[in-house]
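Structure record follows, encoded as structure tokens.
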Amino acid sequence: MATNFNPEHSEGPVAKAIEQQTAKLPSDLFLWAAVGAIGVSLTLKLMQKDKLALFVGQWPAPFLLLGLYNKLVKLEGSD
């Protein structure tokens, strides 16, 4: 468990519950979700569904950020 260097600030019950659940997910899940979104976006673009392709094409970055958050929670823990 990581040491809390700022004891005045602690995680709330909702954040703790979310971190406990997301820590159970494998980190690869978010990477593959990002790769899948890129593939779906490319497929939609080839099908000339440009607006939908752009919409789905914006998903990889949030998936990768969620994966990074997941990895940090696993390594550092909450509080």
Surrounding net charge for GLY57, when Lys and Arg each add one and Asp and Glu each subtract one, Cβ distance under 14 Å: +2
Long-range Cα-Cα pairs in region 26-72 (distance over 13 Å), rounded percent: 51
Derived scalar couplings ³J(HN,Hα) [region 12-22; Karplus, 6.51 cos²θ - 1.76 cosθ + 1.60; whole Hz; x for Gly, Pro]: x, x, 5, 4, 4, 5, 5, 5, 5, 6, 5
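Quick note: the coordinates plus some simple rules give every number you see, no bench work behind them. What you see is a predicted model; the values in this text were computed from it and never measured. For neighbour counting, all protein chains shown are included, and Cβ atoms are generated from backbone atoms with ideal geometry for every residue, glycine included.
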